[in-house]
């Protein structure tokens, strides 16, 4: 994993996203912390999980991280007070989470900290920037892909995707799932500034909208997926160029559209970012091969993958084979979290 | 409600004014939430508050930049009341709370400088320098906080040990030895936490000794924040300090209602302020529909209320005594939806007014009362109310479209209305322009109130009917009937 640092060099905010629990996300973070020791101060925070997931954070998935003295971190007050570093309070943020206000602190000694931040994009961005202005050289945001988190790695300049044997017992499935995730997360950004502006206007108001050739647009209120697919199909007129969809874009929605029309050809479906795409490989392929396009408003810049060949359920894959296969499938650098410390 | 219920406060435009208060701190918000009108025996307190507000208004205009600085400082203030309460209960404050208290104290000192510079001597903010010294034991004053080594030799020693072992952990590569070292570190961490707790206990006790300063300052900051917000509204609408008198007279010159003013301004229309002089007893306002009688009553009620709450009033001049109650009765949909008829709701409220009037001196505005019942009975009910209330020391102001309510000893105001307008010419203009006739009438309507001695209602209802294009035959019949009616009345009177 030594080379991972040189990959990160150009970026000031980096997210580490796990595809599952136990894929070694924390190991990656610990590795980076260790390798940057004495070089520059890091900033750390994490994308919080809302509501019912709180227990998940407190009880099972405690991202306890051993940090170096000088590290700046943003975490909920309850977790902040639990850390065993000698802690300095730098700032209170006024941002509240179920575990208290987010506090920006500084470790005055080495030791363990527990990180749980806000769950909203704009707030994570705000906190990352505050940590940078308080002296952090690079900010790492710990996150996960889930329908429940609203925040997405698109708020950071670069993203590390963590995957591994925990995904599936089948070697091929792990490769396939990982490759699909990479494909969906790195979905191409819409480049046309006019379109982006209009899309943001639509998203500010409703969950669905249509952009026309003459750059006029229409907002539509929808309540259910079924509703959405019906309205989309009805509105796929010749003069529509973009369909803007807020929130998750699912297989079900795509299936309904594929079933009812072929007018999606040469039209672009715009979603907020790649984490909103919950699509199967086959549906996605049918759609794109028959001329449909999906683009995002905020791109995610995946710079590398990390893999954990060991599963917490006891099985393990051949690490070399996994590395080789994945590298060739995704066309990105892949690192083994357990190897080359 | 002796000073209007929430729905009525909304109706007269009080809520609109209060929503404009730009309050920066939760201390100030609490004052707003618990606002109460001054009682008659508290006249000196009210006068003092108004004088202080006057001082802030005057100082504000001369020191805008400094007040901006004050507002920025207020915005940064965190509500630490909960921590202070915990502290006074003998609980131990945590690092984040101590951090917040330290920052509160730092901003407190800045505000203290601001206030001293402005010479606002009635804001008696006390210095919290001592607490800053305790929470900042090192030389440089920083807005951050931790349990400093300077607090205890023992802590310093423990932390040194901790650092040493952390160094060892860092260079060690053998996982087993790392585990042993980490266990050892954990023991030191526990010692560190124990010593930190001891220190937090002492710091909390030190703060507890100064709780009276915090409590004093919370109140002063609340006052500063709230007064500043009031002063800014006063300046925005050119308000004036009301003169609180012992006389039985209410005087308003060019009073306005901000909600109506802003609404009209947005539509590009002009607003007519209201001037009126009320004596004890009944004052009757008459005038045609569309003449703004309701707005006038609301404006008076609103400004009286604001005065009682210690605000400047929206007028060029205002004079009134402190009152025991202020009532405003109009068609109010809320009570109607409770299953009462409009009239029923009015009567129930009127009972409350009548009870109050027997016991104290207050103000009651009755807007077109009994409009919703049959006109003959309605007329006599209004006449009876006016006559009965006229004998009390309270101020009752009744707007009505009934003719002949005014009796000797009552004051009568009339909306000038269309009296001075040439109806024929206006009618031609309406026909010619083909514009919205309602808008044109509004343009020509003179909303001012004039005090009159003759108790004759102008025929503006008929004029408006003409202008709005009611069939001429109907107008003619109506005119005839009115003439006959007036003749009959004269015969009855003679």
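Just a few scattered comments:
- Relative to the longest principal axis of the Cα atoms of chain B, helix B:472-493 runs at roughly 80 degrees.
- The modelled label-to-label distance for the pair residue B:163/residue A:30, using points 7 Å beyond Cα in the direction of Cβ, is 2.6 nm.
- Percentage relative contact order, segment B:241-458, counting C-alpha pairs under 8 Å, at least six apart: 28 percent
- Its alpha carbons give segment B:292-391 an Rg and a Dmax of 14.6, 43 Å.
- Contact order, relative form, for chain B: 17 percent (alpha carbon pairs under 8 Å, 6 or more residues apart, mean separation divided by residue count).
- Mean-square fluctuations from a GNM of chain A, with a 10 angstrom spring cutoff on Cα atoms, peak among A:44, A:196, A:215 at A:215.
- Helix B:342-359 axis, angle to chain B major axis (alpha carbon atoms, nearest 10°): 80 degrees
- Take the Cα radius of gyration of segment A:279-335 and divide it by 2.2 N^0.38 Å, N being the number of residues; the result is 1.52.
- Rounded to the nearest 500, the helix-only mean residue ellipticity at 222 nm of chain B stands at -19000 deg cm²/dmol, with each DSSP H run of n ≥ 4 adding -39,500 (n - 2.57).
- Of all DSSP beta bridges confined to chain A, the antiparallel ones make up roughly 40%.
- More than 19 Å apart - percent of Cα-Cα pairs taken over segment A:177-326: 56 percent
- Computed from Cα atoms, the angle from the helix A:121-133 axis to the main principal axis of chain A rounds to 40 degrees.
- Here the average projected area of the convex hull drawn through the C-alpha atoms of segment A:66-203 stands at 10.8 nm².
- Under a Gaussian network description of chain A, with springs only between Cα atoms under 10 Å, the residue in A:37, A:191, A:207 that fluctuates furthest is A:191.
- Sorted peptide list for A:66-75, B:191-200, criterion being average Cβ within 10 angstrom, highest first: A:66-75, B:191-200
- If you plug the beta carbon distance of residue A:11 and residue A:265 into 1/(1 + (r/R0)^6) with R0 = 45 Å, you get a FRET efficiency near 0.75.
- Sorted from longest to shortest, the spans of the Cα atoms of segment B:74-168 along the three principal axes equal 59, 31, 22 Å.
- Distance from the Cα centroid of segment A:186-265 to that of segment B:36-86 is 52 Å (rounded to whole angstrom).
- Inter-label distance, residue A:301 to residue B:277: 7.7 nm, where each label sits 7 Å from its Cα along the C-beta direction.
- Average partner coverage of A:86-94, which counts Cβ from other chains inside 10 Å: 6
- Ranked for footprinting exposure by Cβ neighbours inside 10 Å, fewest first, B:452, B:115 give B:452, B:115.
- Equivalent ellipsoid dimensions for segment B:149-192 as semi-axes, Å, which come from the Cα gyration tensor, largest first: 23, 10, 4
- Model label zone, residue A:278; criterion: amide N under 19 Å from point 7 Å along Cα-to-beta-carbon; scope segment A:150-192: A:150-154, A:167-168, A:177-187
- The mean sequence separation of alpha-carbon pairs under 8 Å and at least six residues apart, normalised by the residue count of segment B:149-192, gives a relative contact order of 45 percent.
- Here segment B:128-147 and segment B:375-452 have alpha carbon centers that stand 69 Å from each other.
- Projected label points at residue B:152 and residue B:130, each 7 Å from Cα along the beta carbon direction, are separated by 2.3 nanometres.
- Cα gyration tensor shape for segment B:336-444, rounded if a/c is under 1.5, else prolate or oblate: prolate
- Hull shadow area, averaged, segment A:237-327 [alpha-carbon convex hull, nm²]: 8.1 nm²
- Projected onto their three principal axes, the Cα atoms of the protein assembly as shown cover extents of 120, 77, 46 Å, largest first.
- FRET efficiency for the residue A:251 to residue A:39 pair, using the beta carbon distance and R₀ = 60 Å, is estimated at 0.85.
- Debye-formula intensities of chain A, expressed as log10 I(q)/I(0) at q = 0.13, 0.15, 0.16 Å⁻¹, are -1.02, -1.24, -1.34 (one equal scatterer per alpha-carbon, no solvent).
- Of all beta bridges that DSSP places with both ends in the protein assembly as shown, some 40 percent have antiparallel geometry.
- Hull volume per residue, based on the alpha-carbon atoms of chain B and their convex hull, is 239 Å³.
- Full-extension gain in nm, residue B:174 to residue B:116, via 0.36 nm per residue minus C-alpha separation: 14.5 nm
- Residue order, fewest to most beta carbons within 10 Å, for B:225, A:110: A:110, B:225
- Taking every DSSP beta bridge that has both ends in chain B, the antiparallel portion is near 35%.
- Cβ crowding within 10 Å ranks A:174, B:438, B:382 as B:438, B:382, A:174, fewest other Cβ atoms first.
- Note on residue B:245/residue B:10: beta-carbon distance plugged into 1/(1 + (r/R0)^6) with R0 of 41 Å gives a FRET efficiency of 0.90.
- Seen from all directions on average, segment A:206-272 presents a Cα convex hull projection of 4.1 nm².
Throughout, read-outs are computed from the coordinates displayed, never taken from laboratory work. None of these values were measured; they are calculated from a predicted model. Note that we place each Cβ from the backbone using ideal geometry, even for glycine, and neighbour counts take in every protein chain shown.
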